[in-house]
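A.B. asks: Please see the structure below; I have some questions.
The values are calculated or read from the model by the stated rules, or taken from the named source; none is laboratory data. On a predicted model such as this, the values are computed, not experimentally measured, just so you know. Here the Cβ is made from the backbone with ideal geometry for all residues, glycine too, and neighbour counts use every protein chain on show. Just so you know, the surface numbers come from the protein's heavy atoms only, side chains and all, with ligands and any DNA or RNA stripped out. Shrake-Rupley method; radii C 1.70, N 1.55, O 1.52, S 1.80 Å.
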Amino acid sequence: MEKEKQFLLLCRQQIELMLNWGDSSIWSNDDFEQLSGKIFDKTRVQLSISTLKRIWGKVRYENFPTTGTLNALAGFLDYENWRDFRQKNEINNPAPENNFDAAPAPGLLEDKAKPLSRKISVPVMLSIILLVILAAAYVSFKKRGTSVDLSKVKFEAIIVSDTLPNSVIFNYDASVFRSDSVYIQQSWDPTRRELVPGDGKQHTSIYYNPGYFIAKLVVNNEIKKEFVVSIKTKGWKGIIERKPVPIYLSASEIKGNGFMGISDSVFHAKTGSPVFNETWVKFANVQEYKDIDAGNFSLETAFRNSSAVEASVCRKVNVLLLGTNNAMIIPFSDKGCISDLNLLTASSYISGKDHDMRAFGCDFSKFQNLVCKVEKQRLKIYLNNKLILDAPQKQTLGKIEGIRFEFEGAGEIKNVKLSTPGAGVYDDKF
């Protein structure tokens, strides 16, 4: 176990070097929130802020991280899994001496006391002194601008059009911070962050996907102001994920005989590949669902992943509700791939790595009938008339701003109905 702790320490150091955010001992809650987003974006595994804080020794915790957590950290560093990380970093002493964690964090990575008689070499001593100086400078750097009246800091967004893609003009004024570390971030995703001049006034950015985004003005790695950017659709929009620019599908291409979706042949023609593993198509309807109460609603739909197993091995599907406070992600797959599923209830996260997700495994030879209900602070999910999840819903989505289906490969949707009893009803039959 002691060797595993040293490998975890080395993993931490590699992540810190990759991020280049400075000394982790002074990372804020926002830093861990951003790290959680980065890991999710790259690995599709959501590690909570509290989990990351335990790993970085911010919270005392004696247990070692789960295999799923270790695999996510390794995947973030471009290793296949934790075993791959260990094998490729297998040396006599995995943790180098001159690191950002010269003093071990309490709890999880607490090292045994070392004899005082151990001699410290001159290079190591110089490294420690240099790190102390850098840490002090970083603390001073982070504190710059803390006395600024944020109500007087300008940050707003203007949406250029009502179509996709959509350019957004950001008007900002961060000159009061006197910093050359000023960024505008499109959403929660830190990879969508762009460096802007500290004394600049305007910046434009392209949004290729619809959704409800909270743009951020980030100075010295701290979020100073936020502004809502809502990129809507005109009805349902089909989009095949591709970087840096996605592939848009026309209304005729996603209209089937009694369903909305695309076939394997259309997917092949658009992507140029007959294999769709890790290639996703999304169908989104982003608008204000004004008469829907996010604390009391029902979502009913029928869907299936229509790809052949030879084209998409796991045939994953995600059904999402987008809210102003959070999102709900309900995942499905072939029965053999449930280990990779990750469910977000808007208030909690459930991973297939350490939870039994067999109920979310599907036979996609036929349509799957899904009913999702939120009532009296409880979330109930039914699949084919069988209750598969009954969980507390401690916080709501806020206001529902969008519905989205995601298919790994080709997919079909028969109908979508979102309603609140005695209030609004949105009912689409294809």
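A.B. asks: For segment 204-281 and segment 345-375, write down the distance between their C-alpha centroids in whole Å.
C.D. replies: 23
A.B. asks: Still on this structure, please answer the following. With a 1.4 Å probe and all protein chains kept in place, how do V229, V245, V45 rank by accessible area, largest first?
C.D. replies: From most accessible down to least: V245, V45, V229.
A.B. asks: Greater than 28 Å separation of Cα atoms is the criterion. Which listed pairs, K232/K414; K53/K243; K38/K414; K234/K429, meet it?
C.D. replies: K53/K243; K38/K414, as the Cα separations exceed 28 Å there.
A.B. asks: What is the angle, in °, between the Cα long axis of helix 2-19 and the longest principal axis of the Cα atoms in the chain? Nearest 10 is fine, range 0 to 90.
C.D. replies: 80
A.B. asks: Then there is this: Roughly what would the spin-label model give for V371 and N29, points 7 Å off Cα along C-beta, in nm?
C.D. replies: It works out to 3.9 nm between the two label points.
A.B. asks: Farthest toward the dipole's positive end in segment 177-306, which of Q202, V281, S306, given Cβ charges of +1 (Lys, Arg) and -1 (Asp, Glu) about the Cα centre?
C.D. replies: My answer, from the dipole projection, is Q202.
A.B. asks: What percentage of all Cα-Cα pairs in segment 296-383 are separated by more than 20 Å?
C.D. replies: The calculated P(r) of segment 296-383 puts 34 percent of pairs beyond 20 Å.
A.B. asks: Provide F155, F64 ordered by accessible surface of protein heavy atoms (probe 1.4 Å), highest first.
C.D. replies: So, going from the largest accessible area down, we get F64, F155.
A.B. asks: Now for a different question. L77 to K201: extension gain in nm, 0.36 nm per residue of separation minus the Cα-Cα distance?
C.D. replies: Difference between extended and current length: 41.1 nm.
A.B. asks: Hey, what number do you get for the chain at 222 nm if only DSSP H runs of n ≥ 4 count, each worth -39500 (n - 2.57), divided across all residues, to the nearest 500?
C.D. replies: So the calculated ellipticity at 222 nm is -6500 deg cm²/dmol.
A.B. asks: Tilt of helix 29-43 relative to the longest C-alpha principal axis of the chain, in degrees (0 to 90, nearest 10)?
C.D. replies: 60
A.B. asks: Once you have all Cα-Cα distances for segment 244-392, histogram them in 10 Å bins from zero and send the whole-percent values.
C.D. replies: Whole-percent P(r) values from 0 Å outward: 9, 37, 36, 16, 1.
A.B. asks: May I ask you to order 398-410, 75-87 by the average number of other C-beta atoms within 10 Å around their residues, highest value first?
C.D. replies: Final packing ranking: 398-410, 75-87.
A.B. asks: Could you pull the Rg and Dmax for segment 174-260, using just the Cα atoms, both in Å?
C.D. replies: Values for segment 174-260 (Cα only, Rg and Dmax): 17.2, 60 Å.
A.B. asks: Once you charge only the Cβ atoms, +1 for Lys and Arg and -1 for Asp and Glu, what is the size of the charge dipole of segment 169-232 about its Cα centre, to the nearest 20 debye?
C.D. replies: Roughly 140 debye for segment 169-232.
A.B. asks: Compute all pairwise cysteine Cβ distances in the chain, then list the cysteines with no distance under 4.7 Å to another cysteine.
C.D. replies: C11, C362, C372 - these cysteines have no disulfide-compatible partner (Cβ-Cβ under 4.7 Å) in the chain.
A.B. asks: Scan around G323 for amide H atoms under 5 Å from its own, H built in the peptide plane at 1.01 Å from N, and keep only partners 5 or more places away or cross-chain.
C.D. replies: M328, E401
A.B. asks: Hey, got the dipole for segment 356-430? About the Cα centre, +1 on K and R Cβ, -1 on D and E Cβ, debye to the nearest 20?
C.D. replies: Its charge dipole is roughly 340 debye.
A.B. asks: Starting from the 7 Å offset along Cα-to-Cβ, what nm value, one decimal, do you get for the label separation of I247 and R44?
C.D. replies: Going by the 7 Å Cα→Cβ label model, 1.8 nm.
A.B. asks: Return the inverse of the average 1/r over all pairs of distinct C-alpha atoms in segment 250-294, which is the Kirkwood hydrodynamic radius, in Å to one decimal.
C.D. replies: 12.9
A.B. asks: Along its principal axes, what span do the Cα atoms of the chain show, with the longest given first and each in whole Å?
C.D. replies: Cα spread of the chain along its principal axes, largest to smallest: 78, 50, 48 Å.
A.B. asks: While we're on this one: What is the calculated FRET efficiency for E90 to R178, with r their C-beta to C-beta distance and R₀ = 60 Å, to the nearest 0.05?
C.D. replies: Computed FRET efficiency for E90 and R178 comes out at 0.80.
A.B. asks: Between 0 and 90 degrees, rounded to the nearest ten: what's the tilt of helix 122-143 against the longest Cα principal axis of the chain?
C.D. replies: 50
A.B. asks: Once amide H atoms are placed 1.01 Å from N in the peptide plane, what residues at a sequence separation of 5 or more from Q393, or on another chain, have their amide H within under 5 Å of its amide H?
C.D. replies: Here R378, L379 satisfy the definition.
A.B. asks: In addition: With +1 assigned to the C-beta of every Lys and Arg and -1 to the C-beta of every Asp and Glu, and no other charges, what is the dipole magnitude of segment 225-361 about the Cα centre in debye, to the nearest 20?
C.D. replies: 360
A.B. asks: Only Cα pairs within less than 10 Å get springs; with that Gaussian network setup on the chain, which residue of S298, S147, S312 has the largest fluctuation?
C.D. replies: Maximum among the listed residues: S147.
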